[in-house]
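Here is the structure we will look at.
The values are calculated or read from the model by the stated rules, or taken from the named source; none is laboratory data. Predicted model only: the values in this text are computed from it and were never measured. Here the Cβ is made from the backbone with ideal geometry for all residues, glycine too, and neighbour counts use every protein chain on show.
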Amino acid sequence: MNTNTYTHIIAAVPTTTIVASRSCTLSGVVINKVAASGVITIYDGDAATGDVIAIITSPGTLLHSQVSIDYKDIYLKKALTVVTSTAAQDITIIHR
């Protein structure tokens with residue numbers, strides 16, 4: 001049985017979070033509170049220098065208060081790192 005886990009990231013300032021320090025599977029991202037002009041970058045690596053898996057950018061004028069993105073189980077070979085920049089972020093990364 002494959003069980004997902006999650007990492008909740010609340011960042012008032014730009015930050016780098018190593019979600020998993022080894023290979024893992026990314027299942028989804030929930031943006032709990034969308035921030036205007038917020039940018040979330042997801043890397044396959046244990047730093048903000050690995051392969052970029054996704055860049056999620058919120059518009060300057062918000063259309064939604066919450067966004068859920070289902071990645072259909074993307075296997076990451078190295079690790080999982082999330083970088084938030086530009087604005088305060090409240091996100092949940094779902095992985096196993």
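Would you mind stating whether T5 is touching a His at 6+ places or on another chain (Cβ under 9 Å), exposed (fewer than 13 other Cβ atoms within 10 Å of the Cβ) and touching a residue at least 40 places away in the same chain (Cβ under 8 Å)? Can you show your working first?
On the way: touching a His at 6+ places or on another chain (Cβ under 9 Å): yes; exposed (fewer than 13 other Cβ atoms within 10 Å of the Cβ): yes; touching a residue at least 40 places away in the same chain (Cβ under 8 Å): yes.
Yes.
Looking only at strands (runs of 3 or more DSSP E) that fall completely inside the chain, which ones have 2 or more residues that are modelled with pLDDT of 85 or more, hydroxyl-bearing (S, T, Y) and in contact with a Ser or Thr (Cβ under 9 Å, 6 or more places away or on another chain)? Full working, then the answer.
Working: elements: 5-11, 15-20, 24-33, 39-44, 51-57, 67-76, 80-85, 89-95.
Counting at least 2 such residues, we get 5-11, 15-20, 39-44, 80-85.
Before we move on, is G50 under 13 Å from the mean Cα position of the chain (by Cα) and not basic (K, R)? Walk me through it before giving the result.
On the way: under 13 Å from the mean Cα position of the chain (by Cα): no; not basic (K, R): yes.
The answer is no for G50.
Within the set of pairs 6+ apart or on separate chains, which have a first residue in region 13-35 that is more than 22 Å from K72 (Cβ to Cβ), a second that is of a type in the set (D, E, K, R), and C-beta atoms under 7 Å apart?
I18/D46; S21/D46; K33/D90
Please state which one of Y75, Y71 is surrounded by 13 or more Cβ atoms within 10 Å (Cβ to Cβ) and touching a Leu at 6+ places or on another chain (Cβ under 9 Å). Let's see the steps before the verdict.
Values: Y75 fails: surrounded by 13 or more Cβ atoms within 10 Å (Cβ to Cβ).
Just a single option satisfies the conditions, and that option is Y71.
Output the residues belonging to region 51-85 that are farther than 15 Å from Y6 by Cβ and of a type in the set (V, I, T).
If the condition is that a residue be farther than 15 Å from Y6 by Cβ and of a type in the set (V, I, T), then V52, I53, I55, I56, T57, T61, V67, I74, T81, V83, T84 are the ones that fit.
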